[in-house]
Structures are given as C-alpha cells and as structure tokens.
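Only one structure is covered here, and it is reproduced in the block below.
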Amino acid sequence: TAVLCNFSSDLKRYLTDKKNAVIIKENSAEAIKDALLEILKMDRNTIEEIKAKAQETADEEFYYENYIKQIKTFIGI
C-alpha cells in the first residue's frame with residue numbers, strides 16, 4: 001500500500017507528508033508531477049517505510065471491524 005494524495009477531504013487528520021503518504025501540494029498537473037518526482041528520488045527503504053506506515057494507518061483508522069461496536073450501537077443491536 002502506498003499513498004499519493006491531496007487533501008480534498010479530512011485526510012489531513014490521518015496522513016503526514018513523507019511519513020505515511022506523499023502529499024500532492026495543490027490541485028494541478030505540476031503538483032502531481034512534483035510529487036511523483038519526489039517519490040522517484042526516494043531510496044527503496046524510505047518508500048517501504050512510507051508504505052508500511054500507510055498500511056498501519058489504514059488498519060488503525062479505516063478497517064471496518066474497528067467500528068463494529070459503534071455501528072451496532074448506532075443501529076440498536
């Protein structure tokens with residue numbers, strides 16, 4: 001899992017540039033190119049670290065089973 005994204009939603013709450021994602025700084029083709037060039041300059045170890053942190057974030061924040069209790073409470077079961 002690797003994350004290349006912009007902050008078009010609340011992703012800013014979960015993602016940090018070069019920690020668990022590579023952030024596209026603005027909504028333009030030039031910014032996308034810059035982010036891709038940034039990744040191409042990274043060594044393999046750095047990329048693997050970012051990927052591992054991205055997976056960790058996904059597992060902690062977005063995995064549906066983490067929210068089963070809250071969902072059951074919400075729907076009354």
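Some points to look at:
- The range 8-30: number of residues that are free of Cβ contacts under 8 Å to residues at least 12 places away in the same chain and of a type in the set (A, V, I, L, M): 2
- Answer residue from the range 39-77, given it is open to solvent by less than 50 Å² (accessible area, probe 1.4 Å) and of a type outside the set (A, V, I, L, M) and is farthest from S9 (Cα to Cα) among those: T46
- Residue in the range 45-64 that is touching an Asp or Glu at 6+ places or on another chain (Cβ under 9 Å) and in a helix (DSSP H, G or I) present: no
- Residue check for N27: open to solvent by 80 Å² or more (accessible area, probe 1.4 Å) and either outside any helix (DSSP H, G or I) or hydroxyl-bearing (S, T, Y) (or both): yes
- Residue in the range 10-17 that is open to solvent by less than 80 Å² (accessible area, probe 1.4 Å) and in contact with an Asp or Glu (Cβ under 6 Å, 6 or more places away or on another chain) present: yes
The values are calculated or read from the model by the stated rules, or taken from the named source; none is laboratory data. Being a predicted model, the structure only gives us computed values, none of them experimental. As a convention, Cβ positions derive from the backbone with ideal geometry for all residues, glycine included, and neighbour counts pool all protein chains shown. SASA here: full protein model, heavy atoms, side chains in, ligands and nucleic acids out. Shrake-Rupley method; radii C 1.70, N 1.55, O 1.52, S 1.80 Å.
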